[in-house]
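Contents: one structure, followed by commentary.
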Amino acid sequence: MVRQRARKRPSPPPHQAHSARGRRRGVSKKGTSAVESAFLLGTQKGLLVTVLTLFLARVASAAFNIIHDCDETYNYWEPLHYLIYNEGFQTWEYSPKFALRSYLYITLHYMFAKPLALLRVVVLGNTKLAVFFGVRGFLGLVSAVTEGYLVFSLAKTGRRTESKLLLCFLATSAAMFVSSTSFLPGTFSMYFFTLATAGVLQQNQTLVIVSCAVSVIVGWSVTAIAAIPHALWVLGTASFVRSLRTAVLLTASLLILTFAFDSYFYGRYVLSLHSFLSYNVFGSGDSALYGVEDSTFYLRNGLNNLNVLLPLSFAAPCFLLLRICLSSEKREQAKNLLAALSPQWFWLLAITMLPHKEERFMYVVYPEILLAAAYTVVQAGNSLAGVIGMFRGHVRKVFFTGALIITTMLSASRVGALLWNYDANMKIYMRLNQHLHTEGVGESCVVCVGSEWYEYPSSFFIPSGCGMEFVRSGFDGVLPAHYNASLGGTRYAAEYLNDMNEADDRQFMENERACDFLISLKYDDKLLPKRQRIKGKTLEIVHELPYVQSSASKALYRALFIPFVSAHKLVYNSYALYKSKEG
């Protein structure tokens, strides 16, 4: 048999030699390495990297984020604490008489929190602190997964630049730092509206229906307003009969499940969703009792947490409508993105019209706002590069990088201000745990709170065997009552709990001499008119930390932390842990 001569592979032409060698080293024709291609945001590996990146940011939020609203403490952390430890505070909304809050929502978190409690991990001598931060970490993971899926879905539509910017905005945004680990229905709804937006981008009608239904029924019923554009999109893009069947079956299942949980915990046949709507929409409920704000409230608060990203998001509809009207090639893609983003504008308009406003109401659409801002930055950068004409690629990169640097710095400044100015109350409660652990104080103690009752971070910060009580401080509204396990727990509520925000003498501790510790601001007559006292007791400061006196400090320095400047421009009080002695 004659051996054939091996043929010599012809050398590529000189102009192709470099690319040929590059391909042998794993470089594609477009100059993208194989490794880089594997981690593009529209791939499964890219999704994993995105989620891990966002989770690192959410872990930081879980560890350091403050509690921004007493509603989070008393309406969510306290019922959860009761289900785990058989003690906690009960608000009037959880009274069986009103039954406005869903125990299904609390139980979903209990299913994760209870196993953590059984592990009995100790933090600063308190096993409950580990549960608190563990639940926060879990919330951060859920947020990272939903946000990561939104970035993945955006990249799948071919919008690689927008997806990269969105990932950066999500990871660095002060708004997401604040909202992602908050134990609130608004945050829960944010998770599912993020999934719904991803569903629109991927043309997945089932995901949109499921996400909106869970948000409205299990989370916060008012978010049905934000779901209207998504519902219209589903009707226009999917089979009406199939979509209706899915929506009806899912809604009925969730309502039955909610009814079962609420009826069990309240001890009577009741559906909290019906009670909530009856009270707030069709009944005599008056949310204005708890404060009224003007129409600029959300713009002011949005600028604090979202900085320039909020006005940038408002420009997105203009760019999208121009694309729909002027471009025939990408018209459908622009329509799809407009449908994905539209709930945020419905929602912001609706909550602006309500007299009672709270910053946490905006949480629902934070990721969508960041997505709209990312789109605006890309379109503005492309337009600027087109006008300049020369070095278009460099102009776009400089513009995108500049926008990211500015927004990141402003977000870091906002987070810094929140932690520098307002985290003293949580730290003082942690110092209480540390003091009791190191000093070997007895198994029981009474911690008292007066005028700072609304900054109580929850019973998770009070060691087992100790209790918290309210003492008189001049507050004239209704305060929560202790759950009474001996009288039925969740099926019973103190008689004085009411929906008119009227105080009652029974909400205060009768014998103030029983207080072992008091947590309060360190009152100075020059700053604050009232002085906290406990009758028959001498108060000795154990720990104190600086805390910004808002009424005496300028808004700019309260909102943003400016190194080497803020400390000199702000007026500080002190948050203090007092130990009482006979006197």
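Please identify which residues in the stretch 47-88 have an amide N closer than 16 Å to a label point set 7 Å out from the Cα of Arg120, following the Cα→Cβ vector.
Only 85 pass the distance filter.
Restricting to DSSP H runs of at least four residues, report the calculated mean residue ellipticity at 222 nm for the chain, -39500 (n - 2.57) per run over all residues, nearest 500 deg cm²/dmol.
The per-residue figure over the chain is -17500 deg cm²/dmol.
Roughly what angle does helix 185-201 make with the longest principal axis of the chain, taking Cα atoms, 0 to 90 degrees, to the nearest 10?
So the inclination is approximately 10 degrees.
Going by how many other Cβ atoms sit within 10 Å of their own, how do Cys325, Cys515, Cys70, Cys212 line up, fewest first?
Cys325, Cys70, Cys515, Cys212
Going by C-beta contacts inside 10 Å, put Val571, Val270, Val281, Val200 in order with the fewest on the left.
Sorted ascending by nearby Cβ count, the order is Val281, Val571, Val270, Val200.
For each of Ile324, Ile562, count neighbouring Cβ atoms within 10 Å of the residue's Cβ, then give the residues from fewest to most.
Ile562, Ile324
What angle, in degrees between 0 and 90 and rounded to the nearest 10, separates the Cα long axis of helix 331-341 from the longest principal axis of the Cα atoms of the chain?
In the chain, helix 331-341 runs at an angle near 10 degrees to the longest axis.
What do you get for the angle between helix 44-64 and the principal long axis of the chain? Use alpha-carbon atoms, 0 to 90 degrees, nearest ten.
Its long axis makes an angle of about 20 degrees.
Cβ under 12 Å from Ala113's Cβ, Ala113 left aside: what net charge do those residues give with Lys, Arg +1 and Asp, Glu -1?
Surrounding charge for Ala113 is +3.
Within a Cβ distance under 14 Å of Gly186, other residues only, what is the Lys/Arg minus Asp/Glu net charge?
Result for the neighbourhood of Gly186: -3.
Run the numbers for Glu293 and Leu48: contour at 0.36 nm per residue of separation, minus the present Cα-Cα distance, in nm.
Residue separation times 0.36 nm, minus the Cα-Cα distance, leaves 84.0 nm.
Would you mind finding the longest exposed-site-free stretch of the chain, with exposed GluC sites (Glu not before Pro) meaning DSSP loop and at most 12 other Cβ atoms within 10 Å?
1-328
What is the gain in length, in nm to one decimal, between Phe475 and Tyr572 on full extension, counting 0.36 nm per residue of separation less the C-alpha to C-alpha distance?
That pair, Phe475 and Tyr572, stretches by 32.6 nm at full extension.
When DSSP assigns beta bridges and you keep just the ones with both residues in the chain, what percent turn out antiparallel, to the nearest 5?
70
Do you know the relative contact order of the chain, to the nearest whole percent, from alpha carbon pairs under 8 angstrom that are 6+ apart?
Averaging sequence separation for qualifying contacts and normalising by length gives 17 percent for the chain.
How much length is gained if the chain between Glu510 and Leu249 is pulled fully straight, taking 0.36 nm per residue apart and subtracting their Cα-Cα distance, in nm to one decimal?
Using 0.36 nm per residue and subtracting the Cα-Cα distance, I get 88.8 nm.
Hey, how many Å between the Cα centroid of the stretch 309-347 and the Cα centroid of the stretch 128-148?
Here the answer is 32 Å between Cα centres.
Check cross-link reach from Lys522 to the aspartates and glutamates: straight Cα distance under 17 Å, and skip same-chain residues fewer than eight apart.
Reachable aspartates and glutamates: Asp423, Glu452, Glu455, Glu540, Glu544.
Each value in this text was obtained by applying a stated rule to the coordinates, not by laboratory testing. Just so it is clear, the structure is predicted and the values come from calculations on it, not from any experiment. All Cβ positions, even for glycine, are placed from backbone atoms using ideal geometry, and neighbour counts span all protein chains on display.
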